[in-house]
Each structure stands twice: as C-alpha cells, then as structure tokens.
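J.: One structure is given below, represented as structure tokens, and several questions about it will come after.
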Amino acid sequence: MRFTPCIIAVLALLFSSCGQKGPTYARICTSLGDIVVMLYEDTPRHSNNFVELAQDGFYNGTLFHRVVPGFMIQGGDPESKDAGPGQSLGSGGPGYQIEEEIGKPHLRGALAAARNNNPQSASSGSQFYIVTGQRQPDASLDNWERRH
C-alpha cells in the first residue's frame with residue numbers, strides 16, 4: 001500500500017533542563033500541532049546528533065515523508081524540503097551515518113533513528129521515525145522493565 005507524503009513541515013526547537021542534569025526534550029512543530037519527544041541519555045550519539053541538526057535548522061521545512069498508519073511516521077530527509085508531487089523520498093541525509101545504539105523499546109511514542117540499508121546496520125544521519133502503534137498497558141510496560 002502506498003501513501004502520499006504527509007504535508008507536515010517539521011521544525012524542531014530544542015529545549016533542555018537549563019543545564020541541569022536530566023532529560024532533553026524536543027518540540028517538533030508541525031502544521032497539525034506540536035509533538036514533544038524525550039531524548040534518552042543511553043543513546044548519546046543519536047541524541048546529540050538530533051540536537052545539533054535541529055539547532056542548525058537542518059529539519060526546518062522538512063516533511064514527514066513516510067506515513068504508515070498504525071505503525072510509524074518518518075521524517076528528516078532534507079530532499080523533502082523542495083519535493084515535487086510523486087518524488088521518491090527517504091534516501092537523503094547530511095552525508096554521514098551513525099553507528100547503531102539500541103536503547104529503549106520501540107513502542108508507541110518512541111522516537112528512533114531510521115536505518116540505512118547497509119551491512120553495518122548504521123543509522124541515517126538525519127532521518128527519524130516516531131512509532132504510532134498500539135498503546136501498551138501499564139502491566140506490559142512493567143513486565144518489560146522487570147526483564148531489562
């Protein structure tokens with residue numbers, strides 16, 4: 001099934017806990033409302049890269065170019081800024097990849113780096129996705145935490 005790219009401009013404005021130790025949050029401003037995500041400390045290369053790109057304005061004007069209902073939305077392709085109708089997206093980036101860091105589970109609401117198709121399983125330097133799948137009951141999340 002093919003979906004038309006979602007016409008949502010992404011502008012990530014970052015704010016943290018004002019120099020205090022604690023999580024960093026990103027606000028992704030879209031034409032359909034804002035999304036606030038938390039960046040985890042156990043994926044420092046990916047989190048720092050996302051912050052740097054956002055602060056440099058890299059994401060300004062990009063689209064969520066891949067939308068799979070009940071699964072995820074993907075953005076961060078710089079080629080989406082000036083994309084024409086029907087243009088294939090998903091291969092653009094800043095010119096580098098990031099070594100994989102596996103952190104939290106990929107449950108509804110999780111922000112993660114998109115993977116490039118490469119033998120090292122490296123992550124895209126800029127593309128990310130947000131899981132939109134099913135909500136997990138508290139008992140399921142508690143069970144996951146006990147196992148890990």
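J.: Rounded, prolate or oblate: which one fits region 75-127, using the alpha carbon gyration tensor with axes a ≥ b ≥ c (rounded when a/c is under 1.5, else prolate when a/b beats b/c, else oblate)?
T.: On the way: a/c = 2.52, a/b = 1.51, b/c = 1.66.
It comes out oblate by the Cα gyration axes.
J.: Measuring with a 1.4 Å probe in the full set of protein chains, what accessible area per residue, in whole Å², belongs to region 24-91? Could the numbers behind the result be given before it?
T.: Details: 3610 Å² over 68 residues.
Per-residue value: 53 Å².
J.: Then there is this: Expressed as a whole percentage, what fraction of the accessible surface of region 55-127 belongs to carbon and sulfur atoms when a 1.4 Å probe is rolled over the protein heavy atoms? Show your work: numbers first, answer last.
T.: Values: 1780 of 3950 Å².
That share works out to 45 percent.
J.: Given Cα pairs under 8 Å that are at least 6 residues apart, what percent is the relative contact order of region 52-130? Before the final figure, lay out the partial values.
T.: Details: 119 pairs, mean separation 22.5, N = 79.
For region 52-130, the relative contact order is 28 percent.
J.: Computed over the Cα atoms of region 19-88, what is the ratio Rg over Rh, Rh following Kirkwood?
T.: Values: Rg = 13.8 Å, Rh = 13.8 Å.
With Rg and the Kirkwood Rh in hand, the quotient comes to 1.00.
J.: Hey, got a sec? Which GluC sites (Glu not before Pro) in region 32-129 land in a DSSP loop and have at most 15 other Cβ atoms within 10 Å? Mind dumping the intermediate values first?
T.: Values: sites: 41, 52, 79, 99, 100, 101; in loops: 41, 99, 100, 101.
Answer by residue number: 41, 99, 100, 101.
J.: Calculate one ³J(HN,Hα) per residue across region 63-79 by plugging θ = phi - 60° into the Karplus curve 6.51 cos²θ - 1.76 cosθ + 1.60, and present them in order as whole Hz with x for glycine and proline.
T.: 10, 7, 8, 10, 10, 10, x, x, 10, 6, 10, 10, x, x, 8, x, 5
The values are calculated or read from the model by the stated rules, or taken from the named source; none is laboratory data. Note that the structure is a prediction, hence the values are computed from the model and not measured. In this analysis, Cβ positions are derived from the backbone assuming ideal geometry, glycine residues included, and neighbour counts consider all displayed protein chains. Side chains are part of the model used for accessible areas, which takes the heavy atoms of the whole protein and leaves out ligands, DNA and RNA. Shrake-Rupley method; radii C 1.70, N 1.55, O 1.52, S 1.80 Å.
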